[in-house]
Amino acid sequence: MKRLIALSAAPLLALAVFATTASADPIVDRQALMKDQGKAVGSIAPIAKGEKTFDAATVMTALKKINDDAQKLDPATLFPAGSDTGDTTASPKIWEDNAAFVAAIDKYKADVAAAVAADPKDLESFKTAFNQVTQNCGTCHQAFRIKKN
């Protein structure tokens with residue numbers, strides 16, 4: 001009986017997984033990922049600015065979160081052709097010069113991973129790593145994002 005129930009449920013589970021994947025909206029997915037990264041960056045920006053006291057554990061938690069999200073940035077999945085219209089600030093330059101866009105994402109991923117690997121133990125080493133990471137954010141947003149009015 002258990003085997004019959006399991007075999008009956010398998011096609012339904014496969015259909016549910018397919019429906020979830022097939023209905024994924026790359027614009028919504030990439031915006032959620034960017035917002036999540038923005039929250040993590042925002043949580044440690046005051047430390048880099050000297051507005052909050054340096055705390056190595058807080059810094060590493062945020063850097064790891066940023067890195068986890070950065071590694072999920074897959075240009076082919078999150079920025080497929082046709083996802084340049086609708087509720088998005090993605091610039092057409094993403095698709096016009098996709099090689100440069102992919103290179104910018106790859107650099108960002110590498111720099112965030114390096115920041116985590118550096119494991120900053122003091123404010124100065126953190127600021128160096130953090131500035132490199134956020135410089136990538138700014139560069140990519142300037143080149144590949146339409147400014148909101």
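Bear in mind these aren't lab numbers, they're just calculated from the coordinates by the rules spelled out. All values reported here derive from a predicted model rather than from experimental measurement. Glycine also receives a Cβ, built like all others from the backbone with ideal geometry; neighbour counts cover every protein chain displayed.
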- Item | Relative contact order computed over segment 25-144 (Cα-Cα under 8 Å; 6+ residues apart), in percent | 32 percent
- Note on the structure: Answer in debye to the nearest 20: the dipole magnitude of segment 25-144 about its Cα centre, from +1 Lys/Arg and -1 Asp/Glu charges placed on Cβ, is 320 debye
- Item | Square roots of 5 times each gyration tensor eigenvalue, C-alpha, segment 25-144, largest first, Å | 28, 14, 12
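Could you order the peptides 110-120, 47-57 from most to least packed, using the average number of other C-beta atoms within 10 Å per residue?
110-120, 47-57
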- How far apart, in nm, are the 7 Å Cα→Cβ label points at residue 64 and residue 145? 2.6 nm
- Could you tell me the number of lysine pairs in segment 25-144 with C-alpha atoms less than 14 Å from each other, where the two lysines are 8 or more residues apart or belong to different chains? 11
- Message: Using amide H atoms built in the peptide plane, which far-off residues or other-chain residues are under 5 Å from residue 52 H to H?
- Response: 47
- Distant-in-sequence amide H partners of residue 90 (H built 1.01 Å from N, under 5 Å): 146
